[in-house]
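Participant: I'd like to ask you about the structure that follows.
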Amino acid sequence: MSKTTENIEQMLQYLDLHMMATTLDSIVRSSRFQDMDVIEILQEMVASEFDAKNAKSTRALLRLARLASSQADLDKADYHPKRELNQSFLKQLKSCEYIADRKNIYILGYSGSGKSYFAQALGIEACSKQYRTKYLRDTQGFIEDLELLKSSDPKKFKRRFSYYCRIQVLILDDFLLMKVSNDTQLAILFNLIKEREGLKTTIVCSQFFPEGMHDQLGGTSALAEAITRRNVDNGYLLFIAAGPNGK
C-alpha cells in the first residue's frame with residue numbers, strides 16, 4: 001500500500017467514514033485495483049458507506065417504531081388464494097409511495113386473519129425507507145393513557161400528543177376493538193386523526209367495516225362520523241379474507 005493511500009484511509013477514519021476506508025483498503029489489496037478508474041473506486045467506496053449508514057439508521061428507526069423484534073416481511077407473507085390478497089397492490093405498498101403521498105391504509109380482517117403481520121411488515125418497509133414510524137399494539141390503551149395524562153399533566157399531554165401528530169407513519173393496531181368509552185377519548189382520537197390528515201400516514205388495523213367502526217365510536221355523534229370518514233376516505237383498503245393457509 002502506498003503512503004498516499006494510507007494517508008487517505010487515515011483521513012477517512014478521522015472523518016468517521018470507516019466503511020469507505022475499509023473498502024479502499026480492500027480494493028487496493030485486490031487484483032482488480034489496476035483495472036479500476038478513479039470514479040469506479042470512488043463509487044464503490046461511497047456505496048459501501050451509504051449502505052452501512054442506511055442499515056444503522058434503519059436499525060434505530062425499527063427500535064423507535066417498536067418493531068426491532070418483528071420478523072414480518074411482505075415477501076414472505078402467505079398469499080393463499082382464500083386470503084384474497086392483491087399481490088400487485090401489496091407490491092405497490094412496499095414502495096412506500098403512499099407515505100410520500102400522505103395516504104392512509106385501512107387493514108380490514110377478522111380476528112386471526114393476519115392484520116398485525118401486514119401492519120408490521122408495512123412498518124418495517126417504512127423504516128427501511130427512512131420514515132419515522134411508531135407501531136402501537138394496543139390502541140385502546142394508548143388512548144386511555146392519553147386521557148389520564150390530559151387530566152393529570154396537561155403540558156406533558158400536549159407534548160406527547162404533538163409527537164404522535166408529527167410522526168411520519170403511525171400504526172394503530174386492534175383499532176376500536178372495544179368501544180370508545182367517553183367523549184374525552186373520542187375527542188382525543190378525533191383530534192389526532194384530524195391533525196394527521198393529509199400531512200402524515202396512518203395505518204389502521206380493524207375487525208370492523210366502516211359502518212361497524214362507526215358503531216364502536218358511538219354511532220350518532222358528529223365526531224364518530226368524522227373519524228370514520230377520515231380513516232377511510234384518504235387512503236387505501238387492504239382486506240384480508242382469511243388467515244394463514246386460508247384458515
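Every number in this text was worked out from the coordinates using simple rules, so none of it is lab data. None of the values given here were measured: they were computed from a predicted structure. Quick reminder, even Gly has a Cβ in these numbers, built from the backbone with ideal geometry, and neighbours come from all protein chains shown.
Participant: If you scale each eigenvalue of the Cα gyration tensor by 5 and take the root, what three semi-axes come out for the range 3-65, rounded to whole angstrom and sorted largest first? Provide the component values of the computation, followed by the final result.
Facilitator: Working: eigenvalues 140, 36, 13 Å².
Semi-axes, largest first: 26, 13, 8 Å.
Participant: Separate question: Nothing charged except the Cβ atoms of Lys and Arg (+1) and of Asp and Glu (-1): what's the magnitude of the dipole of the chain about its Cα centre? Round to the nearest 20 debye.
Facilitator: Working: 34 positive and 31 negative charges, 137 e Å.
Dipole about the Cα centre, nearest 20: 660 debye.
Participant: To the nearest 500 deg cm²/dmol, what mean residue ellipticity at 222 nm is calculated for the chain from DSSP H runs of n ≥ 4 alone, each contributing -39,500 (n - 2.57), summed and divided by the residues?
Facilitator: -17500 deg cm²/dmol
Participant: If you don't mind, there's one more thing I want to ask. Just to check I understand the Karplus step: with θ = phi - 60° and J = 6.51 cos²θ - 1.76 cosθ + 1.60, what whole-Hz values come out for the range 31-39, glycine and proline as x?
Facilitator: 6, 7, 4, 5, 8, 9, 8, 4, 5
Participant: At what distance in nm do the modelled label points of Lys53 and Ser95 sit from each other, each positioned 7 Å from its Cα along Cα→Cβ?
Facilitator: Each label point lies 7 Å from its Cα, and together they span 2.7 nm.
Participant: OK, next. Does the chain come out rounded, prolate or oblate, given a ≥ b ≥ c as the square roots of the eigenvalues of its C-alpha gyration tensor, rounded meaning a/c under 1.5 and, failing that, prolate meaning a/b above b/c?
Facilitator: Prolate is the answer for the chain, as a/c is 1.5 or above and a/b outweighs b/c.
Participant: Same structure again: Rounded to whole Hz and in sequence order, give me ³J(HN,Hα) for the range 55-69 from the Karplus expression 6.51 cos²θ - 1.76 cosθ + 1.60, θ = phi - 60°, writing x for Gly and Pro.
Facilitator: 5, 5, 5, 4, 4, 5, 5, 5, 5, 4, 6, 6, 10, 4, 9
Participant: Turning to a different aspect of this structure: Using the number of other C-beta atoms within 10 angstrom as an exposure proxy, rank Glu197, Glu6 with the fewest first.
Facilitator: Going from least to most buried by this count: Glu6, Glu197.
Participant: By how many degrees, 0 to 90 and rounded to 10, does the Cα axis of helix 139-152 deviate from the longest principal axis of the chain?
Facilitator: With rounding to tens, the tilt is 80 degrees.
Participant: As a footprinting exposure proxy, order Glu40, Glu9, Glu144 by other Cβ within 10 Å, with the fewest listed first. Write out the running numbers ahead of the final one.
Facilitator: Working: Glu40 12, Glu9 20, Glu144 17.
So the residues, fewest neighbours to most, are Glu40, Glu144, Glu9.
Participant: Of Cys205, Ala72, Ile41, which is farthest along the charge dipole of the chain in the positive direction, counting Lys and Arg as +1 and Asp and Glu as -1 at C-beta?
Facilitator: Cys205
Participant: Right, another one. Cut-off is 10 Å between beta-carbons; in what order do Met11, Met36, Met20, Met45 appear when sorted fewest neighbours first?
Facilitator: Fewest to most other Cβ atoms nearby, the residues stand as Met11, Met36, Met45, Met20.
Participant: Let me ask you something else. So, R0 is 25 Å and r is the distance between the beta-carbons of Ser152 and Gln130; what FRET efficiency does that work out to, to 0.05? Write out the running numbers ahead of the final one.
Facilitator: Numbers: r = 35 Å, r/R0 = 1.41.
Approximately 0.10, to the nearest 0.05.
Participant: Which angle between 0 and 90 degrees, to the nearest 10, do you get for helix 18-29 versus the longest principal axis of the chain when only C-alpha atoms count?
Facilitator: 40
Participant: Within the range 88-126, what residues put their amide N at less than 20 Å from the label point 7 Å along the Cα-to-Cβ vector of Lys82?
Facilitator: Only 108-118 fall inside the zone, counting backbone N under 20 Å.
Participant: Under 5 Å between amide H atoms, partner at least 5 residues away or on a different chain: which partners does Leu237 have, H built in plane at 1.01 Å?
Facilitator: Result for Leu237 returns Tyr106.
Participant: Using a simple spin-label model with points 7 Å from Cα along the Cα→Cβ vector, what separation in nm is obtained for Val46 and Ser26?
Facilitator: Using points 7 Å along Cα→Cβ, the separation is 1.9 nm.
Participant: Then there's this: With just the Cα atoms defining each centre, how far is the range 75-94 from the range 116-154? Give it in Å.
Facilitator: Each part's Cα centre sits 24 Å from the other's.
Participant: Tell me, what HN-Hα J-couplings in whole Hz come from the Karplus equation 6.51 cos²θ - 1.76 cosθ + 1.60 at θ = phi - 60° for each residue of the range 123-138, using x for Gly and Pro?
Facilitator: My calculation for the range 123-138 gives x, 5, 4, 4, 4, 5, 8, 6, 9, 5, 10, 9, 9, 10, 6, 10 Hz in order.
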